[in-house]
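Undergrad: Just passing along the structure, written as structure tokens.
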Amino acid sequence: MKENVKSTELNTDLDGLDYKISLEDMLLDLKVLLKEYYCATFSDDGKSLKITLSNGQKFLLSLTTV
């Protein structure tokens, strides 16, 4: 008895891909990731991310496209 088996190939050629992420999207991604590791307050203004830890330490991460 012969089975009908379909094979699907996944195209992994990304040479033609031209996707650019915005600064705001990158900040949001970093904010989400950092929230998994730190108990802190996060705020952003679109170009930087301010992090205030529960012990009073403060950090400012600034992003620019290069």
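The values are calculated or read from the model by the stated rules, or taken from the named source; none is laboratory data. The structure presented is a predicted model; accordingly, all values stated were derived computationally and were not measured. A quick note on method: Cβ atoms are made from the backbone with ideal geometry, for glycine too, and the neighbour counts reach across all protein chains shown. Side chains are part of the model used for accessible areas, which takes the heavy atoms of the whole protein and leaves out ligands, DNA and RNA. Shrake-Rupley method; radii C 1.70, N 1.55, O 1.52, S 1.80 Å.
Undergrad: Could you list, in sequence order, all residues of the range 48-66 that are open to solvent by 100 Å² or more (accessible area, probe 1.4 Å) and under 16 Å from the mean Cα position of the chain (by Cα)?
TA: Hits for the range 48-66 are Thr64, Thr65.
Undergrad: Follow-up question, since we're still on this one. Based on this model, can you work out whether Tyr19 counts as hydroxyl-bearing (Ser, Thr, Tyr), at pLDDT 90 or above and part of a loop (DSSP other than H, G, I, E, B)?
TA: In short, no.
Undergrad: Mind checking which pairs have a first residue in the range 24-47 that is under 17 Å from Leu60 (Cβ atoms) and open to solvent by less than 70 Å² (accessible area, probe 1.4 Å) and a second that is in a strand (DSSP E or B) and of a type in the set (Lys, Arg), Cβ under 9 Å, 6 or more apart or different chains?
TA: Within 9 Å, the pairs are Phe42/Lys50; Ser43/Lys50.
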